[in-house]
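J.: Shown below is the structure under consideration.
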Amino acid sequence: MANEANAQCDALVAAGLGSLVLFPSDSAYAAREASYWAANARLGPTCIVQPKTTADVSKVLLVLSIAPGNFAVRSGGHSQWAGGSDIHDGVTIDLGAMRNASYDATTQLVSVQPGLSWVDVYEEVEKYGRGVTGGRESTVGIAGFLTGGGNSYFTGRYGFGCDEVANFEVVLATGQVVNANKKTNPDLWKALKGGSGNFGIVTRFDLNTFPSTDVWGGMSIYNSSATEPLIKALVDFTSNNKNYPQDAHILIYQYDPTAGSDIIVATSIVDTYGVVNAPAFAEIQAVQPLVADLEVRTMSNLASAFVLPANQRNIWFTLTFKNDAAVVQKVVDLHEQLVADLKAALPASDFATRCLFQPLPAFFADRSVAQGGNVLGLDSQKDDMILWLGNGVVYSEANQPLMQSKMAAWSSAISSFAKAQGKDVGFVYLNYADGSQDPLSTYGSANIAFIRKVAAKYDPLAVFQRKVPGGFKISRI
Ligand SMILES: Cc1cc2nc3c(=O)[nH]c(=O)nc-3n(C[C@H](O)[C@H](O)[C@H](O)COP(=O)(O)OP(=O)(O)OC[C@H]3O[C@@H](n4cnc5c(N)ncnc54)[C@H](O)[C@@H]3O)c2cc1C
């Protein structure tokens, strides 16, 4: 494997691409590895190749598709699990040098290269009074977000991030550059909306924009006695969200000794029209917070104000269940037990946990359908749902296996409880999933068959299945 990987790097150099290749002895190599959001996602590839243009990506793929050995594809590097977008024995194609964003006032599209983070896109479109359905944190990468779905503060108004991609420019394994939109290669366009890295490398996203205003919102922190009313408020907000599609809410539990002494409860609320104390939040705001940071601000400012810490060892699990207070309460109880168990096993300062609940009402999929459809399969869900994200953090490699098994057990216990209550939905959101989860298998049989067919059509030699082991692959379903 190591020999093959060395030969791959040599082949890139021999093809005249040496100026784009970084080796472990290069300081730029270390900087790129350090720029993966999660410390455990950095696998130390044999070399990194950094294309600057679509033509470079095409040349790189021509070499790596043929040379023996495996490779990885990385854009923002926010995939939190080891093997999401890096590789050890092999080459990482790092799109981080492709960082252009340009707004076209005639088409009202913003064309974005995959190396950008969402804050770069917000800053570009805000110059023209426009907005996009992007990530809620400034540093999140755009390519994984958009090809995995993309849950945004704007999802109620505009659907998932992927639904707002008017055109993908894609380099196929053969090096051929194609566009995928409603008229040209529409099957690839739809499959890329949730189907992740199964087809090719996206080198440009042309995104719909909308007239933007400042947004209002931010975070509030409560003591734990607020749990019951806040769970009720979450469930009610989720049921009513279709009447207030401009409003977004996340209920958060966190144990982080560096930020506070024990488990804290927090809410994130955002009105995307900038309405202060918007009526949809009345029930949430009736609960008295200890501290609140709610302001009218630009989206780029909001995205930069609340950012999860990078450079930690992260384990994420996600599940989706029906909008039900008993299930949410059970998850919260299990989180308390998890923290107690971890405190018994580890020094309290050696770990952190988070437990986030995001409304996923059924109407979110209406926009997806209206925009040409995606492959997430949420349009088949008739009930309002809650998207759960559990996040375990450890600071040393030695503690990672323990956290991995505790997080898997937590997720499994939630799943069993939701199933027993008839509240399980089965959907696993790819962008939050652990590598041991199987998000593509939860998209429904028609979408799975469709992704398989499109992958075989655009990558007939199955290069992205055979030689790109990272990410979630349709051939493993
Ligand atoms: C702090 C933080 C906040 C987040 N906030 C949100 C949020 O608000 N909403 C939400 O929905 N998600 C959110 N996420 C999850 C996020 O959407 C995923 O981590 C996503 O994969 C990030 O994209 P990336 O480009 O950084 O991914 P990478 O790690 O670079 O890649 C992810 C996957 O996409 C593939 N890929 C990368 N680039 C390309 C390309 N150009 N063409 C084809 N395939 C490619 C990779 O091979 C890999 O399998 C958040 C994550 C973090 C860590």
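J.: Over all directions, what mean area does the Cα convex hull of the chain project, stated in square nanometres? Don't skip to the end; give the middle numbers.
T.: Values: hull surface 83.6 nm².
Projected area, direction-averaged: 20.9 nm².
J.: Ordering Val91, Val425 by accessible area with a probe of 1.4 Å, largest first, what comes out?
T.: Working: Val91 0, Val425 30 Å².
Descending order: Val425, Val91.
J.: Give the peptides 22-29, 276-283 in descending order of average Cβ contacts within 10 Å, highest first.
T.: Working: 22-29: 13.1, 276-283: 16.1.
Sorting 22-29, 276-283 by mean packing, highest first, produces 276-283, 22-29.
J.: While we're on this one: Could you work out the Rg to Rh ratio of segment 369-433, with Rh taken as the Kirkwood radius (inverse of the mean 1/r over all Cα pairs)?
T.: Radius of gyration relative to Kirkwood radius: 1.08.
J.: Related question: Going 7 Å from the Cα of Ala97 along its beta-carbon direction, which residues of segment 177-208 have the amide nitrogen within less than 19 Å of the resulting point?
T.: Flagged as within label range: 201-204.
J.: Over the heavy atoms of Val463, what accessible area does a 1.4 Å probe trace out, to the nearest 10 Å²?
T.: Val463 exposes around 10 Å² with every protein chain in place.
J.: Going toward the positive end of the dipole of the chain, with +1 on Lys and Arg Cβ and -1 on Asp and Glu Cβ, which of Gly422, Ile477, Ser19 do you reach last?
T.: Most positive-ward Cα: Ile477.
J.: Nearest 20 debye, what's the magnitude of the dipole of segment 215-440 about its Cα centre given +1 on Lys and Arg Cβ and -1 on Asp and Glu Cβ?
T.: Values: 13 positive and 22 negative charges, 43 e Å.
Using Cβ point charges on Lys, Arg, Asp and Glu, segment 215-440 gives about 200 debye.
J.: Which entries of Lys190/Lys322; Lys232/Lys343; Lys242/Lys473 show an alpha-carbon separation above 31 angstrom in the structure shown? Display every interim value, and only then the final one.
T.: Numbers: Lys190/Lys322 26 Å; Lys232/Lys343 29 Å; Lys242/Lys473 33 Å.
Those over the limit are Lys242/Lys473.
J.: Still on this model: Using the 2.2 N^0.38 Å rule of thumb for compact globular proteins, work out how segment 120-247 stacks up: its C-alpha Rg over that value, please. Could you put the intermediate results ahead of the total?
T.: Values: Rg = 17.7 Å, N = 128, 2.2 N^0.38 = 13.9 Å.
My calculation over the Cα atoms of segment 120-247 gives 1.27.
J.: Got a sec to turn the phi values of segment 408-421 into Karplus ³J(HN,Hα) couplings, 6.51 cos²θ - 1.76 cosθ + 1.60 with θ = phi - 60°, whole Hz, x for Gly and Pro?
T.: Each residue's phi maps through the Karplus curve to give 4, 5, 4, 4, 5, 5, 5, 4, 4, 5, 4, 5, 4, 8 Hz.
J.: Across the chain, where is the longest run that never hits trypsin sites (Lys or Arg not before Pro) in a DSSP loop with at most 11 other C-beta atoms within 10 Å? Walk me through the numbers before you get to the answer.
T.: Details: sites that count: Lys127, Lys183, Lys382.
For trypsin sites (Lys or Arg not before Pro) (loop position, at most 11 other Cβ atoms within 10 Å), the longest site-free span of the chain is 184-381.
J.: What is the sum of charges, Lys and Arg at +1 and Asp and Glu at -1, for the other residues whose Cβ falls under 10 Å from the Cβ of Ser396? Don't skip to the answer; put the middle values down first.
T.: On the way: positive: Arg313; negative: Asp350, Glu397.
Net of charged neighbours comes to -1.
J.: Could you please report the charge total around Ala143, scoring K, R as +1 and D, E as -1 over all other residues with beta-carbon less than 15 angstrom from its beta-carbon?
T.: Details: positive: Arg74, Arg99, Lys193, Arg204; negative: Asp86, Asp94, Asp120, Glu164, Glu169, Asp206.
After counting each charged neighbour, the total is -2.
J.: Let me ask something else. Run the 1.4 Å probe and let me know the accessible area of Leu43, rounded to the nearest 10 Å².
T.: So the heavy atoms of Leu43 present about 50 Å² to solvent.
J.: While we're here: Out of all DSSP beta bridges in segment 1-129, what portion is antiparallel? Express it as a percent rounded to 5. Numbers along the way, then the final one.
T.: Working: 6 of 13 bridges.
Once the DSSP bridges in segment 1-129 are tallied, antiparallel ones form about 45 percent.
J.: Carbon and sulfur: what percent of segment 117-201's accessible surface (1.4 Å probe)? It would help to have the intermediate numbers written out before the result.
T.: Working: 1070 of 2200 Å².
Carbon and sulfur together cover 49 percent of it.
J.: I'd like the isolated cysteines in the chain, meaning no second cysteine's beta-carbon lies under 4.7 angstrom from theirs.
T.: Cys162, Cys355
J.: Size of segment 120-177 along its principal axes in angstrom, Cα-based, largest extent first?
T.: 38, 24, 21
J.: I've got another one for you. What does the charge count near Asp187 come to, summing +1 for each Lys or Arg and -1 for each Asp or Glu among other residues with Cβ under 9 Å from its Cβ? Display every interim value, and only then the final one.
T.: On the way: positive: Lys190, Lys453, Lys457; negative: none.
Within the 9 Å Cβ shell, the charges total +3.
J.: Of the beta bridges DSSP finds with both residues in the chain, what % are antiparallel, to the nearest 5? Write down the numbers at each step before the final one.
T.: Working: 72 of 80 bridges.
Of all bridge pairs located within the chain, approximately 90 percent are antiparallel.
J.: Give the cross-link partners of Lys183 among the lysines, using a straight C-alpha distance below 25 Å as the criterion and excluding same-chain residues fewer than 8 apart.
T.: Lys193, Lys453, Lys457
J.: Once you have the Cα-Cα distance between Asp10 and Ala456, take 0.36 nm times their residue separation minus that, and quote the gain in nm to one decimal.
T.: Working: separation 446, 0.36 × 446 = 160.56 nm, distance 2.93 nm.
Full extension from Asp10 to Ala456 adds 157.6 nm.
J.: Could you compute Rg(Cα) / (2.2 N^0.38 Å) for segment 2-97, with N its residue count? If you can, show how the numbers build up before the last one.
T.: Working: Rg = 12.0 Å, N = 96, 2.2 N^0.38 = 12.5 Å.
For segment 2-97, the normalised Cα radius of gyration comes out at 0.96.
J.: Using +1 at the Cβ of each Lys and Arg and -1 at the Cβ of each Asp and Glu in the chain, identify which of Ile263, Gln288, Gly197 lies farthest towards the dipole's positive end.
T.: Gly197
J.: Please label the shape of segment 215-440 as rounded, prolate or oblate, based on the square roots a ≥ b ≥ c of the eigenvalues of the alpha-carbon gyration tensor (a/c under 1.5 means rounded; beyond that, a/b larger than b/c means prolate, else oblate).
T.: Values: a/c = 1.58, a/b = 1.19, b/c = 1.33.
Cα axes put segment 215-440 in the oblate bin.
J.: If Asp341, Asp94 are ordered by their accessible area, calculated over protein heavy atoms with a 1.4 Å probe, which sequence runs from highest to lowest? Don't skip to the end; give the middle numbers.
T.: Numbers: Asp341 60, Asp94 0 Å².
Listed by decreasing accessible area, they come as Asp341, Asp94.
J.: Tell me the per residue accessible area of the chain using a 1.4 Å probe; a whole number in Å² is fine. Walk me through the intermediate numbers first.
T.: Numbers: 17450 Å² over 477 residues.
On a per-residue basis, 37 Å².
J.: Which whole-number percentage describes the relative contact order of segment 135-190, with Cα contacts under 8 Å and a sequence gap of 6 or more? Present the calculation step by step, with values, prior to reporting the outcome.
T.: Working: 59 pairs, mean separation 11.5, N = 56.
After rounding, I find 21 percent.
J.: With unit charges on the beta carbons (Lys and Arg positive, Asp and Glu negative) and the dipole taken about the Cα centre of segment 114-200, which residue among Ser138, Leu116, Asn167 sits farthest to the positive side?
T.: Of the listed residues, the answer is Asn167.
J.: Using Cα centres only, tell me the gap between segment 406-448 and segment 294-337 in whole Å.
T.: 17 Å
J.: Let me check against my output: what whole-number percent is the relative contact order of the chain, with C-alpha pairs under 8 Å and at least 6 apart? Working shown, then result.
T.: Working: 1085 pairs, mean separation 80.2, N = 477.
This gives 17 percent for the chain.
J.: Using the crude model of +1 on Lys and Arg Cβ and -1 on Asp and Glu Cβ, and no other charge, please compute the dipole size for segment 229-296 relative to its Cα centre, in debye to 20. Intermediate results must be reported in sequence, preceding the final value.
T.: Numbers: 2 positive and 8 negative charges, 44 e Å.
Dipole about the Cα centre, nearest 20: 200 debye.
J.: Relative to the longest principal axis of the chain, what angle (0 to 90°, nearest 10) does the C-alpha long axis of helix 445-458 take?
T.: 20 degrees
J.: Between Ala398 and Ser475, what length in nm is gained on full extension when 0.36 nm per residue of separation is reduced by their alpha carbon distance? Please report the intermediate quantities before stating the final value.
T.: Details: separation 77, 0.36 × 77 = 27.72 nm, distance 3.23 nm.
Extending this stretch completely gives an extra 24.5 nm.
J.: A further question follows. Given +1 on the Cβ of Lys and Arg, -1 on the Cβ of Asp and Glu, and no further charges, what dipole in debye does the chain carry about its Cα centre, rounded to the nearest 20? Walk me through the numbers before you get to the answer.
T.: On the way: 35 positive and 43 negative charges, 249 e Å.
Dipole of the chain, to the nearest 20 debye: 1200 debye.
The values are calculated or read from the model by the stated rules, or taken from the named source; none is laboratory data. Here the structure is a predicted model, which is why all the values come from computation and not from measurement. As a convention, Cβ positions derive from the backbone with ideal geometry for all residues, glycine included, and neighbour counts pool all protein chains shown. Side chains included, ligands, DNA and RNA excluded: accessible areas come from the protein's heavy atoms. Shrake-Rupley method; radii C 1.70, N 1.55, O 1.52, S 1.80 Å.
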